[in-house]
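Take a look at the structure below.
Throughout, read-outs are computed from the coordinates displayed, never taken from laboratory work. What you see is a predicted model; the values in this text were computed from it and never measured. Cβ sites come from the backbone with ideal geometry, for glycine too, and all protein chains shown count toward neighbours.
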Amino acid sequence: MRSILDRYAPASAFDEFADADGRPRAHYEALAATLEGISSADFRHRVTTVNTVLLQLGVTFTVYSDTRGTERILPFDLIPRIIPASDWDPIARGVAQRVLALNAFLNDVYGEGRIMREGIVPRELVYSSVHFEREAIGIRPPHGTFIHVSGIDLVRDHEGTFLVLEDNVRTPSGISYVLENRDVLKRSFPRLFEGYEPRPVDDYPRRLRDALLASAPVQAADPVIALLTPGIHNSAYFEHTLLARRMGVELVEGNDLFVRDNMVYTKTTRGPQRIDVLYRRVDDDYIDPLYFRPDSSLGIAGLFDAYRAGNVTLANAIGTGVADDKAIYPYVPAMIRYYLSEEPVLDNVLTFDCSDDAERQHVLSRLEALVVKRTSASGGYGMLIGPTSTHAERAEFGDAIRANPRDFIAQPVVMLSSHPTVVEDGLAPRHVDLRPFALLAGNRVDVPPAALTRVALVEGSLVVNSSQGGGSKDTWVLAE
Amino acid sequence: MLSRVAESLYWTARNVERAEDLARLIDVTAMRSVDRAVDAERRWLAAYAVAGIAPPDGEIERNAAIERIVFGSETLLSITSCVRIARRNAIGVRAELTTEIWECINGLYLFVEAHSPRAIGPDGASSFLHAIRESAQAFGGICDATLAREDAWMFLRIGRYLERAAMTARVLRAMEPDAGPHVWQLVLEACCASEPYARARQQSFDPVEALAFLALSITFPRSLRFCLHEVDHALHRLSGAPVGTFATSAERTSGRICSSLDYAGAADLAREGTANVAERITAALDELGSSITSAYFPRVPVG
C-alpha cells in the first residue's frame, strides 16, 4: 500500500514536521505512524466528507471581492499542526506580555502620553494613525482594559524561531475555525488522535465570557453581555453566531439596540433590556453615527456617550487600532521594556519604517527583495510581495511610498515554516503561520491553548489570509 | 427576546410551513391531472390562486405550473423563494437556533438550490416535492425536539400555525370544493385530511361534514380551529395572560376567531357557504398577523 507520506519532501523553509534529515520530529512521530497506515484513496474520501460536513454546518465566510457574494467554506486541511508544550509556553508568555504592554500603551496614549513625551514612540506616528480616535482622549474604559480580545500573528523563520509578524487588537477573527476544526477532525478522523492528548479548545467561549464579565462596569450588579455583529453579510458572521450561541449571550445588530439617558438597551418582545458589556465585532468607524461615520447604519446613535459615561463596556474599547497600526509595530519591544521593565519574550520581524528618510531610501532601492505593507491595512490586502511582484506593481508601490511614506512599512521576506498539507496527489509542504488569541480583563491575561494555524494552499505562497486563498488546520497544543 | 429575532423566527416558520403546504398542493394537483386531464386546467388555475401567483398567459398546464409555483424566482411566493426566505431569516437568528435546526433548514436550502425544472425532469416532480415536504416537516419536528419551550419556540409555533390556517383557508376559498365530491376529495388531500376525514366520518361523503372537518375539528392538526387554538395558546404563554382573557390586541384577535369557530356548528357554516367562511377567516387571519406584528415586532422601541 502506498502511504500519503511517501513522497513528502520539505523545501528550503523550516519544516514543522520533518527535521533536516527528513525524519519526523519527535512530537510528530505518532501522527506519522498513523498516516503510514492510511491509503491515498481512503484519505481523499475523508477530504470530500469533511468538506460536505462543513458546508452543511454552514461554516462559511463571505468573500468581499466576489460580486456574487458567495459563501465559501474556509478550506480545512486534515493534517493537524502540533505544538509541543516546550514551544507553547514561551508563546503564551510572550503573547501575554505583549498584550499587557499594548494595553498599557493605549492607556498612556489616551491618557497622560508619557511614552511620547519621553520620545520612546514618536508623537507624530501616533497622531497620524488613521485608527487614532481623537474622541477617545481622556476616556479610561472600565478597569483600564482596552484590548479584551486580541490575536497575535506569529511566524517561524528558517531557524524555527517564533517571531511576531503583526498584532490584531481591533476585532480579530478566526476563533470559530479553531473550535470547528477540532470538532470536525474529532468527528471525521478520530484515528489521527492516537498517541496524543491535545489540550481542549472548547472552553474558549467560557473563558471569553469570564473575561467580558470581569470587564463590566463596576456598578453593574449582574452584568448582561451582548455580541454586536454588523450582520449576516459580514465575512465573520458565522463566528459571531457561534460565539453567541456557545456563550449563551444575545447576538444583536445595530438596530436591535438603542441608547436612552446614556444607557444601552436592546429592543425585546418584553420591552427594553439593559446591556452592560458589548462584545462588538463592528469597527470604531461604524459604531456610532453621531461621532464617527454618519452614513453608518450598523451603529447605535448615542453609544459613544454611554461609553464615555462609563455605563457600558465596549470590547474592545474605542481607539485600539492605533496599537496595531503597522507603523507602531516596530516600537512594541520598546513598549514592553518601558511599561513592564522586561525583555520581550518574542521578537519582532526586522521592519523598515518608510517615514524615516534613510530607511525609505533603503526600501525603495530593494523593493524586489522586501514585503511592503500598508500601515492601516489588514487581512492580506494592500501588500507588495517583492520577489513575486511585477515591475509595474513595484513602480506603483514606489510612487505610493514616496507620496505617503507614513502609510508604509517594509520587511524582509520571512520564509514561513512549512507543514505537510493535503494536495492533489498526497501531502506537500505548505507555509503556515500561527494566531494565538489573548483575553484580557484588568491586568489578568488569559492565553487559551486555542490557536489558529492558517496555511497558504498555493505552492510557494507566503500569504495565509482566507481572503487570499488560505486555509486552516486543527492546531494541537500538547500538555507536555 | 429581541424583537428582530422574534420576527425572523416567525417568518422562518411561516415560510417553511408554506413550502410544505405548497409542495403537497402541487403534488396532489399533478397526480390528479395525470388521469383527469379534462379537469386539469381548472385545477392548475386553482393551484395558482392558492399560491397567490398569477398564471401565465399561455397554456395552463403542468410543466409551466411547476416551473412557476415551485421554482419561480420572480415571485416571493414560490416554494424555492419560501425556502430562501426561510433560510435567510434563519441565518439572522442562528444564535437562537440549535445546530440541528440550522442544519435542517440549510440542508433544505442546499437541496432546493441544487435542483431546477430541467434537473428534476418530466417524472421527477413527485419525489422532489416529497423530499421538500419531508424536510419541512423535519424542521418542525426538530424544533419541537430540541428547543426549550420558551419564547423562540413560541414564535416558531405561532408562525407555523398561522400560516397553516391561512393555507387551509386559501385552499377552501380558491379550490371551489362545492363543484363536486371529486374536488372535495382533492381539497382534503391538499390538506392531508383525506384519511383522517375518512376515519372520523365513516358515512358516505357529505360536503357539509367535510367543511366542518376542515374548519371545526378540534383534533385534526390542519383544521382552522385547531391551528387558531395553537396560535392563541402560544400567544397567551408569551404574555402570561390566562386563555380567555387578553393582554395584547393579538390575543384579543385570536380569541375572537377561536370563539367564532368554537361555537359554530356544521349547519351554520353550510348556511354561510364555503367561500364566505374562507373569506371571513382569511380576513381575520390578516388582522391577526398585523396585530402580532404591532404587539411584538414594533418598528420603534417599545416601553
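When the Cα positions of A:392, A:344, A:103 are compared along the charge dipole of chain A, A:103 comes out farthest toward the positive end, with charges on each C-beta of Lys, Arg, Asp and Glu. Of the residues B:60, B:120, B:6, the one whose Cα sits farthest toward the positive end of the charge dipole of the range B:1-147, with +1 on the Cβ of Lys and Arg and -1 on the Cβ of Asp and Glu, is B:6. In this structure the amide hydrogen of residue A:275, modeled in the peptide plane, comes within under 5 Å of the amide hydrogens of A:264, A:265, A:266, none closer than 5 places in sequence on its chain. Farthest toward the positive end of the dipole of chain B, out of B:226, B:211, B:152, is the Cα of B:152, where the dipole comes from beta carbon charges about the Cα centre.
Quote the FRET efficiency, to the nearest 0.05, computed for residue B:64 versus residue B:279 with a Förster distance R0 of 22 Å and r equal to the Cβ-Cβ distance. Provide the component values of the computation, followed by the final result.
Details: r = 28 Å, r/R0 = 1.28.
The value I calculate is 0.20.
Where the convex hull is taken over the Cα atoms of the range B:161-303, what is its projected area averaged over directions, in nm²? If I average the Cα hull's projected area over directions, I get 8.7 nm². Here the label points at residue A:459 and residue B:192, each 7 Å from Cα along the C-beta direction, are separated by 5.5 nm in the simple model. Each Cα pair under 8 Å and six or more residues apart adds its sequence gap; the mean of these over the residue count of the range A:347-412 is a relative contact order of 48 percent.
For the range B:180-241, which trypsin sites (Lys or Arg not before Pro) pass both filters: DSSP loop (anything but H, G, I, E, B) and at most 15 other C-beta atoms within 10 Å? Could the numbers behind the result be given before it?
Values: sites: B:199, B:201, B:222, B:225, B:237; in loops: B:201, B:222.
Passing both the DSSP loop test and the Cβ count: B:201.
Is there a quick way to get the dipole size of the protein assembly as shown? I mean about its Cα centre, with the Cβ of Lys and Arg at +1 and of Asp and Glu at -1; what is the value in debye to the nearest 20?
Working: 82 positive and 103 negative charges, 259 e Å.
The calculated dipole for the protein assembly as shown is roughly 1240 debye.
Evaluate peptide B:84-93: per residue, the Cβ atoms of other protein chains within 10 Å of its Cβ; return the mean as an integer.
Working: counts 0, 0, 0, 1, 1, 1, 1, 8, 7, 3.
Mean partner-chain Cβ count within 10 Å for B:84-93: 2.
Ranked by the mean number of other Cβ atoms within 10 Å of their residues, highest first, the peptides A:107-118, A:190-201 fall in the order A:107-118, A:190-201. When only alpha carbons are used to place a centre, the range A:239-307 and the range B:33-75 end up 47 Å from one another. Per-peptide packing, taken as the mean over residues of other Cβ atoms within 10 Å, places A:7-16, B:34-43, B:246-255, A:339-348 in the sequence B:246-255, A:7-16, A:339-348, B:34-43 from highest down.
Just to confirm my numbers, what's the Cα centroid distance between the range A:375-430 and the range B:133-196 in Å? Each part's Cα centre sits 57 Å from the other's. Across the range B:19-114, Cα pairs under 8 Å and at least six residues apart give a relative contact order of 21 percent. Partners of residue A:186 within straight-line reach, counting aspartates and glutamates whose Cα lies under 14 Å from its Cα and excluding those fewer than 8 residues away in the same chain: A:77, A:194, A:197, A:202, A:474. With 20 Å bins beginning at zero, the pair-distance distribution over Cα atoms of chain A amounts to 23, 56, 20, 0 %.
For the residues of A:233-243, the average number of beta carbons from a partner chain within 10 Å of their own beta carbon is 2.
Counting DSSP beta bridges in the protein assembly as shown, what percent are antiparallel, to the nearest 5? Please report the intermediate quantities before stating the final value.
Details: 51 of 71 bridges.
Roughly 70 percent of the beta bridges in the protein assembly as shown run antiparallel, per DSSP.
List the chymotrypsin sites (Phe, Trp or Tyr not before Pro) within the range A:354-441 that fall in a DSSP loop (any state other than H, G, I, E or B) and whose Cβ has at most 15 other Cβ atoms within 10 Å. The qualifying sites are A:381.
Using only alpha carbons, the range B:213-261 has a radius of gyration to Kirkwood radius ratio (Rg to Rh) of 0.99. Taking a ≥ b ≥ c as the square roots of the Cα gyration tensor eigenvalues, with a/c under 1.5 meaning rounded and otherwise prolate when a/b beats b/c, else oblate, which class fits the range A:347-412? The shape class here is rounded. For the pair residue B:37 and residue A:443, label points projected 7 Å from Cα toward Cβ lie 9.0 nm apart. Averaging the sequence gap over all C-alpha pairs within less than 8 Å and six or more residues apart, then dividing by the number of residues, gives chain A a relative contact order of 24 percent. Is the shape of the range A:378-480 rounded, prolate or oblate, going by the alpha carbon gyration tensor and its root eigenvalues a ≥ b ≥ c, with a/c under 1.5 for rounded and a/b larger than b/c for prolate? It is oblate, given that a/c is not under 1.5 and a/b is not larger than b/c.
Panel note: the C-alpha atoms of the range B:1-147, placed on their principal axes, show extents of 52, 25, 23 Å (largest first).
Output the antiparallel fraction of DSSP beta bridges having both residues in the range A:172-271, as a percent to the nearest 5.
Working: 5 of 9 bridges.
Counting DSSP beta bridges with both partners in the range A:172-271, the antiparallel share is about 55 percent.
Given their separation in residues at 0.36 nm each and the Cα-Cα distance between them, residue A:210 and residue A:51 gain 53.9 nm when the chain is fully extended.
Amide H contacts of residue A:476: A:81, A:82, A:83, each under 5 Å away and 5 or more positions distant or on a separate chain (H built 1.01 Å from N in the peptide plane; Pro and chain starts excluded). Rounded, prolate or oblate for chain B? Axes are the square roots of the Cα gyration tensor eigenvalues, ordered a ≥ b ≥ c, and the cut-off for rounded is a/c under 1.5. Oblate shape, in that a/c is at least 1.5 and b/c is the bigger or equal ratio.
Per residue of A:264-275, other chain Cβ atoms within 10 Å of the residue Cβ number 5 on average.
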